[in-house]
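Below is one structure, written out as structure tokens, with a few remarks after it.
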Amino acid sequence: MAEIVDKNDKSTTQKELDAEKILEKVDSESRFRKFSGKWAVVISVVAIAMSLFHLYTSGFGILMAMKHRSVHLAFLLTLTFLLYPASKKSPRKRISVFDYVWLALGLCSSLYILFFFDAFSIRGTAITPDYIMGTILIICVLEASRRTVGKELTLLAILFLAYGFWGEYIPGVLGHTGFTFKRIVYHLYLSSEGIFGIALGVSSTYIFLFILFGAFLAETGMGLFIKDLAMSLAGRTIGGEAKVSIIASGLMGMINGSAVGNVAATGTFTIPLMRDAGFKPVFAAAVVAVAGTGGMIMPPVMGAASFIMAEFLGIHYSKIMLAAAIPAVLYYLAEYAVIHIEAIKMGMKKVPHENIVPFRKVMKERGHLIIPIIVIVWLLLSGRTPLYAAFYGIISSLVVSPLRKETRLSIRAFLRALEQGARGTVGVGMACAVVGNIIGITNLTGLGLVLGDNIVSLAHGSVIITIFLTMVVCIILGMGLPTTACYIVTATIAAPALLQLGINPLAAHMFAYYFACLSNLTPPVAIASYGAAGISGQKPSVVGWTGFRISLAAFLIPFTFVYSPQLLLVQGSVAEIALAVVTSIIGVVAIAAAIQNFLMGPLNIIQRVLLFIGAVLLVFPGIMTDGLGIAVTISVVIWQKIAGTTYSASIDSQEQEA
């Protein structure tokens, strides 16, 4: 028995190592040096110090905004230049001389704000050292961004900087009077609208604490609890092996707002499970990619950009969390319908009872790990700040972990959680810092308003065309940018167009955020699908297009809540919200059936088109459109019943032919 357990442990460890390698290939944030010896100790000390600093300030009061953000950025730059090599040819086992130079420049220019911002505030004007340090920091942030999140975002930031300098030479509506070098450096370095703006502010508070919260839960064994709970909830249904991925990713998304991270965490056990059950490997990988991406819109934590959205809109995060709830359920319902139909088409059976851990046993052994999540949700709904909720979420995880021996945190695990929390923030934090350049130039030049006006003009005031163009902008930006950066840029330059047409501000920003997340599934650069393809050993392009097909129903959901803000719980009576939910459910199930070409049996081309039309009609609110959509969908159901193309009939005919 001991040998079997040992073999299983080795197998699991090997799968996790393989997942890490795949993660490094598709996610630039994971390509860091792996030190041993004294350098490993140095990295651990810096990372733990960073986590302790943020824990202390969140519990006992943060510094002045600019100073707190400068310390946060100093830690980010330190970890970046220590962990991330400059190129593929750079040494992986040691720090190069150039890294030391970058590290010194980054620390001096970021901490300059900490020590000299008071003097600047008193004199009210910038002096030569201010401009020198500002220039150095802008360059260091660009280099750190290139190393951690890739060249695409860095090039975009450089393009915006060039636009700020030479915009006077651009003809037409995009041109501006131009700004001097000193004016741009002043705006980006010494004001709260540039590098040290909202994005880095949110990274230094909410985002860091929630990532650290996820690290503590991971050390207590939350991952194993999620796996067993998902199997006990979904495993008893037809195609349960694939539905487990939905439950697992949704639960994992509550503590981990990364699409690729969710794929790596759940794909190592759900893809083999689906493959052994009879699902095609490509389909299995695509299911994991779609489910992993959905974790980014699953409350209470969601993706990092959701906290930035709350700051942009000036509303409490609990409203963002509640607004995301129904769309998140619809997203997973759409994938669930696709999987269920696929399982029925394949004639699959339920998972054997002996392969499922009983729900009561799962909750008895690790159910107490849900308490920290309940604490966070309760605090957020009671009006507390996300910073307060995250801090006490971490404290509650430390309190409940000793309740069971299996989940008890040792000193080593505690320190490892502190280290992993800090390391997990580097990519997101540097993306927020470099995006500060883009936001700063956009605000300085008024580019956001200009682009908003022109998008509206191009669409001739049409809401549907405007939101379609905004979707295209989100998807294009998402092909090269991390989700957080994609949302920030889109919210800055495209969301104003939606606001000009009278669309609810929360719906407009949620629309941008939703498609920033879906860019992880949009070929040709479908990062989540590429990660799942690596785990499954399938071709990335094939998995990418399969995942795109599976998630097509999800692409309809943002249009639904733009036209029906009731889905975001921001307006309407209980009856109106209920009606919007019911029609949306019918819509996503109808389009899932159209995608799979199967409802109660195989669909002919007319039935398939009718289902798609019915789903689109249900997007637009109104008695007439809802009535027509429901009528069209029901007509297809009746048609199939009359024709006798039920599931049992089709299976019987197949067996007779065999």
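Of GLY250, GLY261, GLY292, which residue is among the small types (Gly, Ala, Ser) and more than 20 Å from THR425 (Cα to Cα)?
Step by step, each of GLY250, GLY261, GLY292 is checked, and only GLY250 is among the small types (Gly, Ala, Ser) and more than 20 Å from THR425 (Cα to Cα).
Answer yes or no as to whether PHE120 is in contact with a Pro (Cβ under 9 Å, 6 or more places away or on another chain), on the phi < 0 side of the Ramachandran plot and either of a type in the set (Phe, Trp, Tyr) or surrounded by fewer than 19 Cβ atoms within 10 Å (Cβ to Cβ) (or both).
no
Quick check on the stretch 214-224. Is at least one of its residues under 30 Å from PRO272 (Cα atoms) and of a type in the set (D, E, K, R)? Give the steps one after another, and end with the answer.
To start, the set of residues in the stretch 214-224 that are under 30 Å from PRO272 (Cα atoms) comprises 214-224.
Still in the list and also of a type in the set (D, E, K, R): 219.
Scanning the stretch 214-224 turns up at least one residue that is under 30 Å from PRO272 (Cα atoms) and of a type in the set (D, E, K, R).
Select, from LEU114, LEU103, the only residue that is over 17 Å from LYS182 (Cα atoms), under 31 Å from the mean Cα position of the chain (by Cα), in the same structural domain as LEU200 (by TED's automatic domain parsing) and at pLDDT 90 or above.
On the way: LEU114 fails: under 31 Å from the mean Cα position of the chain (by Cα).
When all the criteria are applied, what remains is LEU103.
Specify which of the listed residues (VAL609, VAL616, VAL582) is within 16 Å of LEU333 (Cβ to Cβ) and either assigned to a helix (DSSP H, G or I) or not hydroxyl-bearing (Ser, Thr, Tyr) (or both).
VAL582
Need pairs with beta-carbon distance below 6 Å; first residue more than 12 Å from PHE210 (Cβ to Cβ) and within the stretch 378-395, second among the acidic types (Asp, Glu); sequence gap 6+ or separate chains.
none
For the stretch 270-323, enumerate the residues that are in contact with a Lys or Arg (Cβ under 6 Å, 6 or more places away or on another chain) and not small (Gly, Ala, Ser). Spell out the reasoning first.
Initial filter on the stretch 270-323 (in contact with a Lys or Arg (Cβ under 6 Å, 6 or more places away or on another chain)): 281, 284.
If the condition is that a residue be in contact with a Lys or Arg (Cβ under 6 Å, 6 or more places away or on another chain) and not small (Gly, Ala, Ser), then PRO281 is the only one that fits.
Looking at the stretch 450-493, which of the residues that are under 21 Å from the mean Cα position of the chain (by Cα) and assigned to a loop (DSSP other than H, G, I, E, B) is farthest from ARG146 (Cα to Cα)?
Result: MET479.
Scan the stretch 469-482 residue by residue and report those that are touching a Ser or Thr at 6+ places or on another chain (Cβ under 9 Å) and more than 25 Å from GLY261 (Cα to Cα).
THR470
Give PRO386, PRO402 a once-over and let me know the one that is under 19 Å from GLY303 (Cβ atoms) and not charged (D, E, K, R).
Exactly one residue qualifies, and that residue is PRO386.
The values are calculated or read from the model by the stated rules, or taken from the named source; none is laboratory data. A quick note: this is a predicted structure, and the numbers were derived from the prediction, not measured. Glycine also receives a Cβ, built like all others from the backbone with ideal geometry; neighbour counts cover every protein chain displayed.
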